[in-house]
Each structure stands twice: as structure tokens, then as C-alpha cells.
Number of protein chains: 2
Amino acid sequence: MTRYEMLADDIARSIDTGVLRPGDRLPSVRQASASREISPSTVFQAYYLLEARGLIRARDRSGYYVTGTAPRLPPEPENLPQPTATAAALEISERVFDVLESTLRRDLVPLGSAFPSPLLFPLPRLAQVMASSVQKLDPWSSVDDLSPGNARLRRQIALRYLIDGLHVHTDDIVITNGALEALNLCLMAVTRPGDAVVVESPTFYTALQSLERIGLHAIEVQTHPREGIDLAALESALTRHRPKACWLMTNFQNPLGSLMPDHKKRDLVELLARHDVPLIEDDVYGELYFGSKRPTPAKAFDRHGLVMHCSSFSKCLAPGYRIGWAAPGRFARTVARHKLTTTLTTSAPAQAALAAYLEKGGYDRHLRHLRQALSAQQRDVMQAVARHFPPGTCATRPDGGYFLWIELPDGIDALDLHQRALSHGISIAPGRIFTSHPRFANCFRLNYGHPWDADIEQAIATLGKLATVGNRA
Amino acid sequence: MTRYEMLADDIARSIDTGVLRPGDRLPSVRQASASREISPSTVFQAYYLLEARGLIRARDRSGYYVTGTAPRLPPEPENLPQPTATAAALEISERVFDVLESTLRRDLVPLGSAFPSPLLFPLPRLAQVMASSVQKLDPWSSVDDLSPGNARLRRQIALRYLIDGLHVHTDDIVITNGALEALNLCLMAVTRPGDAVVVESPTFYTALQSLERIGLHAIEVQTHPREGIDLAALESALTRHRPKACWLMTNFQNPLGSLMPDHKKRDLVELLARHDVPLIEDDVYGELYFGSKRPTPAKAFDRHGLVMHCSSFSKCLAPGYRIGWAAPGRFARTVARHKLTTTLTTSAPAQAALAAYLEKGGYDRHLRHLRQALSAQQRDVMQAVARHFPPGTCATRPDGGYFLWIELPDGIDALDLHQRALSHGISIAPGRIFTSHPRFANCFRLNYGHPWDADIEQAIATLGKLATVGNRA
């Protein structure tokens, strides 16, 4: 246990035992730092953690206060029902697109949106950096930055890998138009039309759409709401279907928010190596952790170049810039070549701007604020769900990202709830779009990536009421 | 005939008949405008045209001078050999990539490059516009500008279609990461793996690579070096192979530089309509014409929504920004949806910057300068080819774009020439990469998109010498 976790635990115990009571002010950071003989930043980290757990809350310029006893939260869902073990050709796109189009409407409370609020990002600072870097842009960058991409940016990404303990060579990184292109290029590098590919169940709907678009079959494998894909179920799928790839989200999976523990990631990588199946690791939410350190990518355990790690800056720094990347291990050259024949290269000014931003520093400070904001928003949304939803409602408790997975009591149809919510100016993302099987009818994904306000509170109350009425009908 | 064409013709006749002699100074624009009672811009257009034909030349601040009699040019190639009428699965990528990697090297004289010199573009002005527009960028643009893309930019593109006589609705335009993504999305919208697709022969190598990547078969159809694809050969291919699409470059085809006359475009569109085969029209070079007006896209003749017009700003305004688009007719919705599942959307700052640039005006002025530069560069390169290459060498005479197609005397292998040229610091693009058949061994594509200088002159002299030596060997 780290120092700040110890401090947080001590304070939590004081709250539990009534030494600190609701409304009490905590020692200031300076006081706590002096009395414990630890650095102020350690105290800050402990306070962040307690705030993320909902035990204390900052008030502007006056310090941290105890919020009360641990808030009432909805229970977590148990194991999810098992998917049928078939490799189905996909025909889900139409349904998904209809739902998605509604979740993009700006006039709706965006609980069904796939994106966090753009207001959480340092957009003015990014604009400033871009304004300056585009004016210094070498005219030849349009040739030099052809795939695999801007060398300065690739170096910055390699440096961040290094901080997280991964050794990825600059030349093995391919810059892409967001993580989605990276994932698609990796998929093309290791499959041919007609092949089978393993995904989680439920899974990110765009994974299913991508497989459908290029004529691949999806094998949906049982996934635990807290710990990710079930390795026994995966092993049997590997034997039975001989898939050519797995496309998994190891950290804060969309839509569940599940996080694979390190030992499970290690087992996953070893299992896939035994079957010689590449892992396409979608890690776009990894930086949005609420705990003490970034969760390790499965790629950290890879000794065969079989893990193709994909991520981007779209969810954690620069939405709309469309800068992502793949670190595709032994497939790096193939991926770079596919990139050349699909979109040729990635916007040079955007690549240069992000390289300059990362070089200047400040990214980690922004990330700390972002994590704190998301964690606080999760707490508020979760508590509202507990207040307003019918008994029997469960919700996952992700340690990062900005999605909750809500399981309504049996018999409530979330697609129907989605339709009724739309007429109240609210979007949700019904469970059925996350699978090609007839599953998750009573589930939906809830986005907590928008700053908490009265509209969101009201929308959750309305949703809860609609779900309760639906239940009675 | 327009006024300026009439003026140009009058002057050309004066040169032919010896009224104006080499070294003579033409009347100043002001004089000619006054004496003819026409506007100065009409005189300018006439002088540009004469300069493009190599008859006169501007000297800094002192006016236009007669260059002499029409320069010696290499003869144009006759009909190209007919391709084998088979639909072959493709395996050309490796060969092409090896050649392409060499053409990207900045230390080589880029006669094999696919790009014009970035110095021909208004990059400082673009940077200024981007610097200002990114700072005004609505934070919600990352959501609002999702496919089909930035509405202001789509409107500007629709306005340009309108100027060219095409009525394309703003909502039927999909912004893409360059024209290459547009072409690939259109291809995906109308084909399934295993289908056949018609391309020109020779064709843009990336078309062949794209077909190969997604499991399509290429039918290469005979193409005339001046007038584009042979319609009789196309008709027989349509009947025989029942292709699901044609991917053609109607204006200044890469690599030939051919331009389909309007009547032929009309026949093409009608022929394809009879067979209900969509045309994917790659029109990235259309703005780079040397004549009096932009060549019409085939889409102008389309009455069934079957023509999917694709273009970009990469070759005529903003290399490296990666902004292209598709106007896919009746397939617009499908293309927009495929875009959402492949790269989601296109860089928001780059879209906003180009929208702002186009709104501010100045694009047409830039295009006039660009065309003039390319036309002058073509003349210089062509004359150098005539001076230095072995007898029997032919070259196409495109009315636009920045590629010449060179046909060497039989027995000279251009792939071998390419290898030997590399060791002299010169790249070319050998003919074999533009086909999946064993053809065009004695041909190569020559890029004249770089400002004429001693290095280029020297490189062409060296190439000519190497080709002559190769001939003797």
C-alpha cells in the first residue's frame, strides 16, 4: 500500500468510527503534510481518493469536508447471462445507427452519448499550441509525416509507454485517425473476410459494426462486469472457433467499465500466445483511472509481439483532433502499409499540435483534473441512480472511464425505455446495441462524462420514473 | 471560342507567321487591353494560355516575350497494348510498396513522387487562417462535426460544385480523410469481398492496393493516353465480368494524364446506367487544368445517383491537412455510415480551417497561380525529355495535373532504370506498379510538380543517359 492510500484509509476509518463527522473540516493539506511528515502531493492524492469514494468533498477555497457516511449506491450486477456460443454473421448496423443518431442530438441530455463533455478538456490551451505550431510547420511535413506519422509525436507516445513500464520503439508506433482507425487497421492486418474474431459480451457496438463491414464473424464471449472477459469461456471459444484475433478492451471496458486485474491480463496474453492468436487491445480509457496508477495494458505482458495496443487522445485530451495510434508489435509494418492505402496519412497540423503540447508538459496535470472530475461525476450519477431507480436495479462501479452499465429489474425493456426517454429529451444507450445476440434487453449504458447539474439530476429522476412505470405496465 | 482564346490565337498566328519573332516583347497588358477594348484580366488569361503552350514567357517586372517557335517535344504515345481480359486476384502490394518507399525519400530528385512540391501551396496563409479558426472553434464541434462533417465546409464544397454547374446538396457530401478515404468508403458501399471492379490500365497503384486489401478483383480496361478509358472495351468487360463498380479517373488520370472529353463522359455515364454499375469518380486533379475552364466531372451527366464523385484539397490547396470528400449520389447515407465505423470523423480543426479559408476567398487566385506554375513546369520537363532521351521515346501531353507518362523504346526496362536512377539520387515511378498484369515494362510516370531548377534538369539528363545506355546493353 502506498503512503497516500494509507493516509486515505486512516481518514476513512476515522469517518466510519465517527471520529470525523459529516460537515467536519479535514486538516488542511499543509497541516496534514507537516503532522504526518509526508509531502503535500501525497496528502492531495489521499484527498482525491477519498473524494472519489464520496467520503469527502472540496469546497472552493475553504478546504475538504466530510460528506457523511458512505453514500447509498445501487448494488453491482452479478455474472451476466452467458452468450450463445455461435459465430454469427452480423446484421446489427441498422439498429445501432438508428440509436446512435439519437444519441448525437445536442438537444438531449446526453446520458446515451459515447463522448464525455468537451468542456472537460484544455481546448483553449490546445488551440493556442496548435496556432503556434501550425505556423512553424515544415512545408515538407506533408511528405515527412506520411505513415507511420510525425516522428516527434511518436517519440512522445513512446516516452509515455516508457513511464508506464512498456518498451515500445518509436518506429513501431503508427499514428492513425483516432483509435478507431487503429483498431480497424489492426483487424485488417490479421484477418481475411469470413474469419472469426472474439469480442466481449457486451461489447463496443462499433466493434460489431466494423466486423460486419469487412465480412468477419463475431464470437461474443462471456464477460464479468468487474474483471472483464472470462478466460475459461475464451479458451473454449479459441478451441471451438479458431478465431484469427481477439478485440478486447482491457481497461474500463465500454460498456461495462470492467477492469482486468494484472494477473488476469498476464493469463490472457499467455493463453492467446499458446493459440497464436493476436490480441487487438483497445485501451482508449486507460488514462481515465480513479485509483493510484494507470492500469497496465495487456501489452506489458507480451513476449511474442502478438499484442496490438491501440489508443488515442480523443477521450483524454483532444476530442475532435482525431489523433490515435497503434503499437501493433510484429504487425507494425503491415499496419503502416494498410494505413497508406486506406487514408494515406493523418492530418499533419493536428499531429504537430499534439506533439508540441506533449513536449511542453501540462498533460499530466490536465489528466489529474480530468480523473477527479469524472470520479466525482460518477459518484453523483450513481447516487442519483440509487435514489430514483426501481428496487432491483444494479449498476457497475468502474474504477475509471465514464460509463456505468445499468441492469434494470427483469421485464423492463431498455430499448422501449430509450424510446420513451427520447420524448422527454433524454438519450440512453440500450443494451441490445452492444451485442448481436438477443441479450441485455433490460440493460443500458449510462454516460457520466458530463459535469453534474440540475438537468442531469432531473433526467435521471425522469428515467427512474419511466423505468418504474415500465415495470408496472 | 472565348475572347481570351481568340486573342491568344491571334498572337499565336503572329508568332507562326513571323510577325512576332523570338525575343520580341508583347504589348503590355494595359496596352493590349486598351487597344482591343477588352478587360486586363482577359489579356492576362490569353497570355497565361500562350505561356502554357510555351510560345511566350514572362520576365520579372518587364513583361512577356516571345520564346521562339514552338519547342521540340517528344511525340505522344499511340494506343497502349491491350490488357488481358481476366479478373485477377491481386498480389502487387509488396512490389509497389518497395518502389513507393524509395519515392518518398527526401534526398532524391522526386521525379517518381506522387506529390507536387508543397512550396506551390499557400501554406503560410492557411496556417494563419487555421491559427485564427482553431481559437474560435466551438468545443462541441467534436460532436457536431461528426460524419458527414463540418456543415460550413460542406456548404463551401457545394458552392464550388454549383459554379461548375453541378447541383449537389450539402447533405449529400461526406467529408473524409483525403480523397483516398472517400474512394475506399465508396468502394465498400457498393462491393462485397470477391466482387470485380473495373479500373483503367494503367491505373493509380493505390487503387490496386485498395482492391487487394479488401479482397476485390481488378478488371483492367484498355485506356487511351489522351482520352481515357476505351468505352467499347469497357462495355465488353461489363458484360463479361459483371463488375460491381468502376473506379476511374476522368480528369488528368494518374499516371497517363488523360482527360475524357465531355461527350465521352456522357457516353460513359449512360453506358454504366444501362448496366446499373456505379462509377467511383476520382477527380483529385480536376482543378489543375491548363485550359480555359475546369473539365466537367462525369457526375454532371448523372441522372440516376450512380456516380460517386470523390475529390480533395490535398493536390490543389492544403497537402497534409487530409481533407477530402465524397458526393456519393444515392449511396451518400451508406458512405457516411461506413465513415462512422472506420475513422468516425475527420479532424475538426482542419475542417474548420479549410471552411474559413474558402469563405474568405482567395482560393481561385491561388489556383490560377498554381495552374500557371504546373503548366510552365510541364513545358520545361517535356523539352528536357525531348533533349535528353533516346530517339523513340514518347510522352503524353496532359492538359492538366502534374504527371507525364513516358514510353521508352522497346527493350528498356523501367524497373531496371528505376534501380539505376536511385543510385544517382533520382526516383521515377516505373510502369509496372500501375498494373497487375505484366505490362508497361518500358514505361514510367514522371512528376513535373516541382519547380524547374538545375537539379531537375540534371536529373532528366542523367535519366536520359541511363535509358540510352540501357538501350544499348
Hull surface divided by four, with the convex hull built on the Cα atoms of the protein assembly as shown: how many nm²? 42.6
Taking the convex hull of the Cα atoms, report for the stretch B:3-66 its projected area averaged over all directions, in nm². 3.8
Report the calculated FRET efficiency for A:Asp60 and A:Thr2 (r = Cβ-Cβ distance, R0 = 30 Å), to the nearest 0.05. 0.60
For the protein assembly as shown, size of Cβ-based charge dipole, Lys and Arg +1, Asp and Glu -1, in debye: 1680
For A:Ser41, go 7 angstrom from Cα along the Cα-to-Cβ vector, then report the distances to that same point in the other copies in nm, smallest first. 6.2
Could you go through the stretch B:243-250 in sequence order and give the Karplus-derived ³J(HN,Hα) for each residue, using 6.51 cos²θ - 1.76 cosθ + 1.60 with θ = phi - 60°, rounded to whole Hz, and x for Gly and Pro? x, 8, 6, 10, 10, 10, 10, 7
Taking neighbour counts of Cβ atoms within 10 Å as a proxy for exposure, in what order, fewest first, do A:Cys186, A:Cys246 appear? A:Cys246, A:Cys186
Using a/c under 1.5 as the rounded threshold, could you call the stretch B:230-321 rounded, prolate or oblate? The axes a ≥ b ≥ c are square roots of the C-alpha gyration tensor eigenvalues, and prolate needs a/b larger than b/c, oblate otherwise. prolate
Search the structure for amide H atoms under 5 Å from the amide H of B:Gly400, placed 1.01 Å from N in the peptide plane, and list their residues when 5 or more places away or on another chain. B:Phe290
Of B:Phe434, A:Pro74, A:Pro349, farthest towards positive along the dipole that unit charges on Lys, Arg, Asp, Glu beta carbons give the protein assembly as shown: A:Pro349
Hey, got a sec? Which GluC sites (Glu not before Pro) in the stretch B:4-75 land in a DSSP loop and have at most 14 other Cβ atoms within 10 Å? B:Glu37
Convex hull of Cα atoms in the stretch A:270-415, direction-averaged projection (nm²): 12.6
Rank these for me by crowding, A:Arg397, B:Arg322, going from fewest to most other beta carbons within 10 Å. A:Arg397, B:Arg322
May I ask you to report, in nm to one decimal and beginning with the shortest, the distances from A:Pro124 to the same position in the other copies, taking label points 7 Å along Cα-to-Cβ? 3.0
Take every DSSP beta bridge with both residues inside the protein assembly as shown and express the antiparallel ones as a percent of the total, to the nearest 5. 60
Going 7 Å from the Cα of B:Gln135 in the Cα-to-Cβ direction, what parts of the stretch A:118-156 have a backbone nitrogen less than 16 Å from that spot? A:123-136
Where a Cα-Cα gap under 30 Å defines reach, which lysines qualify for B:Lys264, not counting those fewer than 8 residues away within the same chain? B:Lys244, B:Lys293, B:Lys299, B:Lys315
What translational diffusion coefficient, to the nearest whole µm²/s, does chain B have by Stokes-Einstein, given a Kirkwood radius computed over alpha-carbon pairs, a temperature of 37 °C and 0.692 mPa s viscosity? 141
For the stretch B:263-388, what is the percent of antiparallel DSSP beta bridges, rounded to the nearest 5? 50
Need one word for the stretch B:122-363: rounded, prolate or oblate. Basis is the Cα gyration tensor (sqrt eigenvalues a ≥ b ≥ c); a/c below 1.5 gives rounded, then a/b vs b/c decides. prolate
Net charge dipole size for the stretch B:244-347 [Lys, Arg +1 and Asp, Glu -1 on Cβ; Debye, nearest 20]: 260
What is the calculated FRET efficiency for B:Arg365 to A:Arg365, with r their C-beta to C-beta distance and R₀ = 56 Å, to the nearest 0.05? 0.80
Name the trypsin sites (Lys or Arg not before Pro) in the stretch A:233-276 that are in a loop by DSSP and that have at most 14 other C-beta atoms within 10 Å, would you? none
Quick one: which residues, 5 or more positions from B:Ser201 or on another chain, have an amide H under 5 Å from its amide H? H modelled 1.01 Å from N in the peptide plane, none for Pro or chain starts. B:Val221, B:Thr223
To the nearest 20 debye, what is the magnitude of the charge dipole of chain B about its Cα centre, counting +1 on the Cβ of each Lys and Arg and -1 on the Cβ of each Asp and Glu? 900
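Each value in this text was obtained by applying a stated rule to the coordinates, not by laboratory testing. Every value quoted in this text rests on a predicted model; they were computed, and no experiment measured them. Cβ coordinates were reconstructed from backbone atoms using ideal geometry, including for glycine residues, and neighbour counts include every protein chain displayed.
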